[in-house]
1. Sorting S13, S225 on the 10 Å Cβ count, fewest up front, what's the list?
2. Under a 5 Å amide H to amide H cut-off, with H placed in plane at 1.01 Å, what residues pair with I240 once short-range neighbours are removed?
3. Can you tell which of A166, A55, A152 shows the greatest fluctuation in a Gaussian network model of the chain with Cα springs below 10 Å?
4. Mean Kyte-Doolittle of at least 0.5 plus a Cα span of 15 Å or more along the axis: flag which DSSP H helices in the chain meet both, please.
5. Convert each backbone phi in segment 288-300 into a coupling constant with the Karplus relation 6.51 cos²θ - 1.76 cosθ + 1.60 (shift: θ = phi - 60°), then list the ³J(HN,Hα) values in order as whole Hz, x for Gly and Pro.
6. Out of K102, K253, K200, any idea which swings most in a Gaussian network model of the chain, alpha carbons joined below 10 Å?
7. For Q250 and E177, compute 0.36 nm times the residue count separating them, minus their Cα-Cα distance, and round to one decimal in nm.
8. Please name whichever of I284, L132, P303 sits farthest to the positive end of the charge dipole of the chain, dipole taken about the Cα centre and charges placed at Cβ: Lys and Arg +1, Asp and Glu -1.
Amino acid sequence: MIAGSKLEKVIRSGQFAVTGELGPPKSADLTMLKQHGEALRNHVEAFNITDNQTAIVRTSSIACGAVLVQMGLEPIIQITVRDRNRIGIQGDVLGAVALGIKNILCLSGDHQKFGNEQQAKGVYDIDSMQLLDGLRKLRDEGRFIGGDKVGAPVSYYLGAVANPFADPFEYRVDRLEKKIAAGASFIQTQCIFDLARFKKWMELVRERGLHKKVAIMGGVTPIKSLGAARYMKNNVSGIIIPDEIITRLQGAKKKKEEGLKIAIETIQQLKEIEGVAGVHVMAIAWEEVVPEIVERAGLYPRPKL
């Protein structure tokens with residue numbers, strides 16, 4: 001078995017964890033991905049490598065993850081059920097482990113109608129719950145989904161996503177509980193702008209004691225501009241941008257700096273919420289600001305384990 005992930009060690013130590021996100025390019029040129037990974041090396045425990053996010057064709061998450069491993073960095077590869085059946089998924093996971101990848105995040109994947117290959121057939125052989133359960137059994141019981149034994153033990157830290165801002169709100173905690181039961185050890189949430197709703201969700205999480213069963217990492221995205229905030233508010237499902245954030249950006253002379261301040265303040269509030277184990281910083285196409293955010297939020301230097 002491979003050694004446990006750095007992310008898992010930080011979370012198990014009880015320290016506040018930080019992860020970042022790197023989007024693979026729409027080409028085979030990984031120069032920018034490597035540059036961003038190097039720039040963030042000392043500021044995050046691990047890097048999410050998205051899997052054809054928004055259903056747009058990009059270099060594979062596993063290939064990019066393997067490159068980060070070669071650089072001495074820790075990837076969190078994403079596996080979606082949109083593009084693969086259970087044979088392909090399990091084969092890819094074994095390949096990822098063989099390449100030294102130690103963290104896997106399970107998702108459904110954005111529907112292909114949102115991407116650049118809208119005629120593509122969605123596979124959805126299994127759903128995200130079944131994916132979690134299947135990968136848990138592969139690791140813990142040494143069996144494939146079909147029941148055959150795995151030739152040798154595999155090890156990885158298994159995670160999933162949660163969206164406290166989707167409707168119906170009451171179902172959000174039920175779904176989280178099911179993901180924990182299926183095998184999720186860590187959870188990364190959708191971008192948090194509506195802190196009041198997130199705090200209410202965390203209250204419900206604590207009422208069921210779920211915060212003691214899984215590491216919840218709050219998603220934080222710095223807003224680059226007023227236009228970006230308005231676009232997310234009006235066009236991106238599953239994200240809530242409160243009016244006060246729009247007003248605050250409208251009144252700011254330096255929109256980017258205000259966006260950074262909002263992200264930093266969000267992280268500082270998340271640190272104070274019982275049951276929040278860390279943050280996942282998603283600086284989409286703005287990766288270079290992550291070190292500044294981490295430092296100004298009081299999360300630097302990172303733990304040495």
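Bear in mind these aren't lab numbers, they're just calculated from the coordinates by the rules spelled out. Treat the numbers as computed from the prediction; the structure is a model and nothing was measured. Quick reminder, even Gly has a Cβ in these numbers, built from the backbone with ideal geometry, and neighbours come from all protein chains shown.
1. S13, S225
2. Answer set, sorted by chain and number: F193, D194.
3. Result: A152 has the largest fluctuation of those listed.
4. On the way: long enough: 86-98 (18 Å, 0.93); 128-140 (18 Å, -0.58); 169-182 (21 Å, -0.69); 195-207 (18 Å, -0.49); 255-270 (22 Å, -0.46).
Length and hydropathy pass: 86-98.
5. The phi angles translate into 5, 8, 4, x, 5, 4, 4, 5, 5, 7, x, 10, 10 Hz.
6. K253
7. Gain on stretching Q250 to E177: 22.4 nm.
8. P303
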